[in-house]
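Please treat every number below as a calculation from the coordinates, not as lab data. All of these numbers come straight from a predicted model, not from anything done at the bench. When we count neighbours, we look across all protein chains shown, and the Cβ atoms used for this are built from the backbone with ideal geometry, even at glycine.
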Amino acid sequence: MASAAAAGAPPGPAAPRGRKSVTGTRKAVAALFLLPALVLLGALVVYPIGYSLVRSFFDSSGDGFAGADNYKALFTDDSIRTALKNNVIWVVFAPTVSTALGLVFAVLTERVRWGTAFKLVVFMPMAISMLAAGIIFRLVYDQDPDKGAANAVWVGVHDTFAQSSAFPKAHPGRQSPLVAEGGGFVTKAAVHTGQPVTLPLVGVAPDQLPDGVRKAVAAKAEPGKVTGSTWQDFTRGKGVGKLGAPDPSEVGYAGMRIEAVKNGKVVASTEAAGDGTFTLPASADGARLRLPAANFREPYNGVEWLGPTLVTPAVIGAYVWMWAGFAMVLIAAGLAGVPRELLEAARVDGASEWQVFRKVTVPLLAPVLAVVTVTLMINVLKVFDLVYIIAPGSSQDDANVLALELYRKGFAEGRPGIASAIAVLLLLLVIPVMLFNIRRLRREVRR
């Protein structure tokens, strides 16, 4: 019976010719399609990493085995140590500031009509290459306020509250009754009422004289008062002028401040009129006249953005300008998926907007914020273009980072062994961040 039943049973399914993958494709076919990608991966990633690791144990010529000498140089070479320190600054501040700005932009533009336009403008720098951004910010940070936008704004704000002097280059000429003291000038002898005083100066370009100047006039004596005049004691061209006395072509120093000083104390002060004349009260009798240093203050030229002190923060600012838009777009996408019911429930319970943002919005966006921060951390570890282009040669050592030092050691200094060791160090610094990101992504998939 059993044999009969077996004889009458329908035949089972034929055995498969080859195992299939979960997508239904034979593994051999899948491997064949992946082969070009695997070859490229090996040629462009695996081989360079392996070769750099091997090369890091050899000297500059590549023939002599150097052992761990190249790795010792990573912690003894001053330029590499500076680069490592700057990389730490980059990793701490650049991703943090970019992510924070992206979060603020994404939240604040969520409810406004022009939010999309604003996001477009903020994201637009991402379309610019690092090279172009570096050139732009090299100009922005130019020391000359007439060229650099940053210093143009800074100088404008500064001069609103503290005007620079109109006589920065003025100084006494020949046979002058003035001597230098404390950044300004004082008369050699005391002055007395009824005796006009002459305070001639030179050194101010005619086109730099302040508004309101007029033809210089010799002051007249006034009883009970100290009078005098201060002027540009210089005649242009071939004219022959008289030293120590105003000539017809010479102009007064309008607005020049004059102080009468006795025993180290200012007993009287005044400002010169447009023709350079001035008058002091009787209390100035027996005092020495002083032209204070404020008259000769150099024009404020702004901040030295690309100097040794501020060059790294300045370059980080350029990076934030480029990547804040990237952070904003990703965070805005995450914010679109936040349940509105939770936000409204918090508001109904009496939470302020700041409390809703801090205790509801930010915790719900934590996975997105982690993705953005980790991505930017990996990105800043290999930053090169901005530092190389923005930092001038005089400050490049102070702005140095590992990727730039790798280039300098490998190409400018001809030390490929140390350059390979720096490359291995960069790989080791990136791996923990990548592993953290992979683990976080796996946890997200399990949820």
Cα shape, segment 313-360, gyration tensor, a/c 1.5 rule: oblate
Equivalent ellipsoid semi-axes, segment 302-443, via Cα gyration tensor eigenvalues times 5, rooted, Å: 39, 21, 10
Taking placed amide H atoms and a strict 5 Å upper bound, the residues 5 or more places from Gly228 or on another chain that come that close are Val197, Phe278
Residues in segment 307-338 that a label on Tyr407 would reach, taking backbone N under 17 Å of a point 7 Å out along Cα→Cβ: 312, 315-316, 318-319
Size-normalised alpha-carbon gyration radius of segment 178-296, reference 2.2 N^0.38 Å: 1.01
Calculate the all-directions average of the projected area of segment 94-176's alpha-carbon convex hull, and give it in nm². 9.9 nm²
Would you calculate, for the chain, the mean residue ellipticity at 222 nm contributed by helices, counting each DSSP H stretch of 4 or more residues as -39,500 (n - 2.57) and dividing by all residues, to the nearest 500? -14500 deg cm²/dmol
Taking 23 Å as the cut-off for C-alpha to C-alpha distance, list the pairs among Lys215/Lys242; Lys215/Lys265; Lys220/Lys242; Lys169/Lys215; Lys85/Lys409 that go past it. Lys215/Lys265
Looking only at aspartates and glutamates whose Cα falls under 15 Å of Lys359's and that sit 8 or more positions away or on another chain, we get Glu341, Glu344, Asp349
Between Arg358 and Asp146, Cβ-based FRET efficiency (R0 41 Å, step 0.05) works out to 0.40
Would you mind checking which residues have amide H under 5 Å from Ala268's amide H? H placed 1.01 Å from N; only 5 or more apart, or other chain. Ala260
Across the alpha-carbon set of the chain, Rg over Rh with Rh taken as the Kirkwood radius works out to 1.26
Take the Cα radius of gyration of segment 267-344 and divide it by 2.2 N^0.38 Å, with N its residue count; two decimals is plenty. 2.57
